[in-house]
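Shown next, in structure tokens, is the structure this report addresses.
Read-outs: derived from the displayed coordinates by stated rules, not from any lab. None of these values were measured; they are calculated from a predicted model. Counting neighbours? That spans all protein chains shown, and the Cβs are built from the backbone with ideal geometry, glycine included.
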Amino acid sequence: MMDRKKQRNARGALRGVVALLLCLTLLAGGAFAKTVRGDLGDRFEEPPTLEKDGQTYQYRRGLETILFMGIDTRLQYDDERSGFRNGGQSDFLLLLVIDEENETITPIHINRDVMTEITILGVLGEEAGTVKTQLCLSHGFGDGKEQSCEYTCEAVKNLFLGIDIDYYVSMNMDAISELNDFMGGVTVTLEDDLTAYDPTMTAGKTMTLHGMQAEYFVRQRYYIGDSSNMARMERQRVYMAELAKMVYARLEESADFIGELFDQLQPMLVTDMARGAMINTAWAARDYTLEHTRTLEGENVVGPDDHMEFHADEEALKDLVIEVFYEPAE
């Protein structure tokens, strides 16, 4: 069990991650005047229900969900793209669940390789049905912008037994090095050896990452440790925690920092969240209780195409969905 000081440090670092993500949500909406999803308060006439062990649970009202995606493409979002199946994969997926009634924020870090139903498109852009495959591939279909984000939201909804995704924010993963250098570099301790990508990045070394080093640390997994996505997800959490503390400190120092950060990252962001809604959400949630980050239970296996697959434990997944999104029916 962690002592109290370690618990405070861990919660402080995670709160910084949420602060950064909410900040990115705010920044991403500068060019959008309205949400495409309408009035979310009345999305259910009758709350959906789930059954488990003889107990009926109903979907809790007052929840707001924001899906964050880190996309592996190097194209800026205002670039033209050809075809309907080259939108890039979502290497990083985090679902924030904001509970206004209980004033809590629950982050769910989703394994990109988790198997679920996704929509696939034909070469002419027509929907060609669904297939069960890695979640990260859902963003690859569509225009690489709003359409691809919508397909990813749909896939996450399928995975989480029909829960609704209110908003999305996607970020080109090239923004990692841009943001990293804009902040003056992020300092981390390397638990793994990354010398396959940079000879200076040896295991056990504490170093300030610059340029492509940040991208190596967050994005790469092959030839690093056991090459698993689980290990990469842990590095992502470490990096985001350190980066978020820096962003949070800069926000405390100057309100101008928001505009500066927006100018730096705006070409690499896509969202459907209205600016006003983002401001209200970020402001209201600033003092909410941050719950611990949830992850999916399951196992990694090598699929028939030699790609890694993560198979979520169905009962554990249902328990997670009930815990976060449902309450006992009256």
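Students often check this: by mean Cβ neighbours within 10 Å, which of 235-247, 48-60, 191-203 ranks highest, and how do the rest follow?
Working: 235-247: 20.4, 48-60: 13.2, 191-203: 14.9.
Top to bottom by mean Cβ count within 10 Å: 235-247, 191-203, 48-60.
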| said: Checking the a/c ratio against 1.5 first, then a/b against b/c, what shape does the Cα gyration tensor give for segment 114-163? | reply: prolate
| query | Rounded to the nearest 0.05, what FRET efficiency do residue 200 and residue 226 have when you use their Cβ-Cβ distance and R0 = 30 Å? | reply | 0.85
| Where does the charge balance sit around residue 115 when Lys and Arg score +1, Asp and Glu -1, over other residues with C-beta under 10 Å from its C-beta? | -2
| field | Net charge over other residues, Cβ less than 12 angstrom from the Cβ of residue 133 (K, R count +1; D, E count -1) | value | -2
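Around residue 52, with a cut-off of 10 angstrom between Cβ atoms, what is the net charge of the other residues, counting Lys and Arg +1 and Asp and Glu -1? Mind showing how you got there, number by number?
Values: positive: 318; negative: 51, 53, 315, 319.
That works out to -3.
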| note | Spelling it out for residue 326: with amide H atoms placed in the peptide plane at 1.01 Å from N, the residues 5 or more places away or on another chain with amide H under 5 Å from its amide H are 60
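Compute the Cα gyration tensor for segment 279-330, then decide on rounded, prolate or oblate, letting a ≥ b ≥ c be the square roots of its eigenvalues: rounded whenever a/c is under 1.5, prolate when a/b is larger than b/c in the other cases, and oblate in all that remain. It would help to have the intermediate numbers written out before the result.
Details: a/c = 3.56, a/b = 1.77, b/c = 2.02.
Oblate shape, in that a/c is at least 1.5 and b/c is the bigger or equal ratio.
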| Nearest-0.05 FRET efficiency for residue 315 and residue 100, computed from C-beta distance (R0 41 Å) | 0.90
| Given H placed on each backbone N at 1.01 Å, which residues far from residue 294 in sequence or on other chains put an amide H within less than 5 Å of it? | 108, 109
| remark: Per the C-alpha gyration tensor (a ≥ b ≥ c, the square roots of its eigenvalues), segment 202-330 is rounded if a/c is under 1.5, else prolate if a/b beats b/c, else oblate; here it's oblate
| Anchor residue 132: aspartates and glutamates whose Cα lies under 12 Å away (excluding residues fewer than 8 positions away in-chain) | 113, 117, 309
| task | Would you list, by chain and number, the aspartates and glutamates whose Cα falls below 16 Å from the Cα of residue 145, excluding same-chain residues fewer than 8 positions away? | result | 72, 78, 79, 80, 91, 154, 174, 272
| field | Segment residue 329-residue 61, extension gain: residue separation times 0.36 nm, minus the distance between their alpha carbons | value | 95.3 nm
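Students often check this: by mean Cβ neighbours within 10 Å, which of 140-153, 113-126 ranks highest, and how do the rest follow?
On the way: 140-153: 22.4, 113-126: 16.1.
By packing density, highest mean first, the sequence is 140-153, 113-126.
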| message | On a straight-distance basis, which aspartates and glutamates could pair with residue 245 in a cross-link, Cα separation under 19 angstrom, same-chain partners fewer than 8 positions away excluded? | response | 178, 181, 215, 234, 253, 256, 260, 287, 291
